[in-house]
Amino acid sequence: MSGQQQPPIMVHSEVGSTNDEALKALHQGAPHGSAVVAEQQSAGRGRREDRGQRRVWYSPANANVYLSVVLRPKLDASRISGITLACGVAIAQALRELGGGDVRLKWPNDLYIGDRKLGGILSEAATGVGGLEGVVVGVGINVNVPGGEFPAELRDQATSLLRENGRVFDRLRIIQAVRGAILGACAGLEAGGLEDFMEAFDTLDAARGREVRFEQEGVAMRGVADGLSAQGGLWVKRDTGERAEVMAGEVTICGLGRGKEGGVVALPARPAAEVEAYVEQLLTAQPAAPPQARRVRRRFKLRANERVGARYCRLEVEVDAEFAASYLRPGQYTTVGIEGHPPNFYVIAGARGPVWEFLIEAEGDLGSALSELGVGAEVEVSLAEGGGFEPATARARNALLFASGSGIAAVLPLIDRWLEAPGGPESIALFYGERHEHDRAYAERLRKLEEAGVAVYLAAEEGREFRYVQDAFEATGLPVHEAAVYVSGAAVMIKAVTERMMAAGIDASRIHINI
């Protein structure tokens, strides 16, 4: 036993503001690491000012974390300003480690998931006769508030861990983790400085590459956020090509919380350079021809082979238990080959136990040969591979799926999974394009999806009103707010759809690609 006492945690059922209580405690000599926690705040405040007054933080009882920590840092005045940013990085990392999801930091002090605010950080310094007495770091985090319980004016702007992750969180664990993160950030600043947090901030930056509004010397400006400066400010690229360094004040990501008629929120358009770079990265990730080595391949017999549309055949192959266990999620692929023909990649269009289904384009040497095989013939198949589509990523309200050609085989199993199990998106829209009307595969399956409530939009280069899936999407006017996007098919279609979605303001993290 060291006999050393832990700094106290003072718990209140309700306070005006935990920061006010912590500042009182600091002036009364509370030691470094002391904390104030409240079940409810009646006057919790944020950093941003409105008409000269700090805005009141939405603070319902018994649902969130309201925490303020007393710090007595061994830092000179020039380094004190880095505390908010360092604590923000550490808190975002702590929430991620607790399973809070893709928590990000908007410079300098806001916690976000997607385009909604999860929480905020407010640091306040206390001075006395001898100079700096200490700093109070206050944190408000929306934890167990259902989405529908936010005030109407905040519903599209605010979120909670419950809303994003679909489960209730232990607030005590969050308090302990966040307090530890704040103390760790303070120690990190003392030991190394703000530069030790810059790399982590880059991975958590919610604003980088997005259009932002800010003020300098009373003049409103716009630009594209471009990461941290060495002093902890925010670099913003102007249209003129110059970079402005924002050291204080409010930086707003354009489009957040801005609504249209009918409650549809307009998302901020992504900068063209970011769109181009992201799409180029996608296209260079396309797999090369399957190598002959490094894959486990076995021969299995065909159970079925039938034509579906003028262009395709549908194969069924019964695999063994090891192969069946390798298929984990929709959109995974394998290689299929036969004697005398090198294998090629094919997506697994469905898996019912040990039976794998493939949609084969009956063109070219291998495709033509596969289309002519009879039931009982042997084909060589490899274990399922690739990340596929994770069904749980569609916690978004709307799912938009785009497929061209045989890419339809990747998205149909995903839709089936959502329809079979709870927890999927509220609405599903499928855009499917082919060269010609008569090429289309799975006509009966598409009809059944429509009966199940899926909106199906068809496109064809010849024979339809819409030539391309992106044109069909534009004509529908479907909202992109709260949408997750899934794209599979030809590279040119993937590029066009991804550019269209990002230009509409959908973050790249919500666009899921299967090439």
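The values are calculated or read from the model by the stated rules, or taken from the named source; none is laboratory data. Here the structure is a predicted model, which means the values were calculated and not measured. All Cβ positions, glycine included, derive from the backbone under ideal geometry; neighbour counts span all protein chains shown.
A few notes on this one:
- Restricted to the stretch 316-391, the set of strands (runs of 3 or more DSSP E) holding at least 2 residues that are in contact (Cβ under 8 Å) with a residue 12 or more places away in the chain, out of contact with any Pro (no Cβ under 8 Å at 6 or more places or on another chain) and under 27 Å from residue 513 (Cα atoms) comprises 333-338, 341-352, 355-361.
- Some residue of the stretch 136-143 being more than 25 Å from residue 70 (Cα to Cα) and either surrounded by 20 or more Cβ atoms within 10 Å (Cβ to Cβ) or of a type in the set (Gly, Ala, Ser) (or both): no
- Residue within the stretch 161-171 that is closer than 24 Å to residue 6 by Cβ and either without any contact (Cβ under 8 Å) to a residue 60 or more places away in the chain or in a helix (DSSP H, G or I) (or both) present: yes
- Of the residues examined, residue 97 is not one that is farther than 30 Å from residue 508 by Cα and either among the acidic types (Asp, Glu) or without any contact (Cβ under 8 Å) to a residue 24 or more places away in the chain (or both).
- All positions within the stretch 66-90 that are over 29 Å from the mean Cα position of the chain (by Cα) and free of Cβ contacts under 8 Å to residues at least 60 places away in the same chain: 76, 77, 78, 80
- All of 180, 188, 184, 166 fail the test of being within 18 Å of the chain's Cα centre (by Cα), surrounded by fewer than 20 Cβ atoms within 10 Å (Cβ to Cβ) and assigned by TED's automatic domain parsing to the domain that holds residue 39, apart from 166.
- Of the residues making up the stretch 468-515, those that are buried (at least 22 other Cβ atoms within 10 Å of the Cβ), of a type in the set (S, T, N, Q) and either closer than 20 Å to residue 329 by Cβ or not assigned by TED's automatic domain parsing to the domain that holds residue 427 (or both) number 2.
- Here residue 418 clears all of (1) within 24 Å of residue 492 (Cβ to Cβ); (2) without any contact (Cβ under 8 Å) to a residue 60 or more places away in the chain; (3) aromatic (Phe, Trp, Tyr) except the condition numbered (1).
- Annotation note: of 85, 75, 67, the sole residue that is touching a Pro at 6+ places or on another chain (Cβ under 7 Å) and modelled with pLDDT of 80 or more is 85.
- Residues in the stretch 196-250 that are among the basic types (Lys, Arg) and in a strand (DSSP E or B) were compared, and the one that is farthest from the chain's Cα centre (by Cα) is 243.
- Of all residues in the stretch 7-37, those satisfying the criterion of being in contact with a helix residue (DSSP H, G or I) (Cβ under 8 Å, 6 or more places away or on another chain) and of a type in the set (Gly, Ala, Ser) are 30, 33, 34, 35.
- Residue that is closer than 22 Å to residue 305 by Cβ, of a type outside the set (Ser, Thr, Tyr) and either within 22 Å of the chain's Cα centre (by Cα) or surrounded by fewer than 19 Cβ atoms within 10 Å (Cβ to Cβ) (or both), where the choices are 444, 437, 450, 420: 444
- Any hit, the stretch 389-397, residues being buried (at least 16 other Cβ atoms within 10 Å of the Cβ) and more than 30 Å from residue 500 (Cβ to Cβ): no
- As for the stretch 40-60, it holds no residue that is at pLDDT 90 or above and in contact with a Gly (Cβ under 8 Å, 6 or more places away or on another chain).
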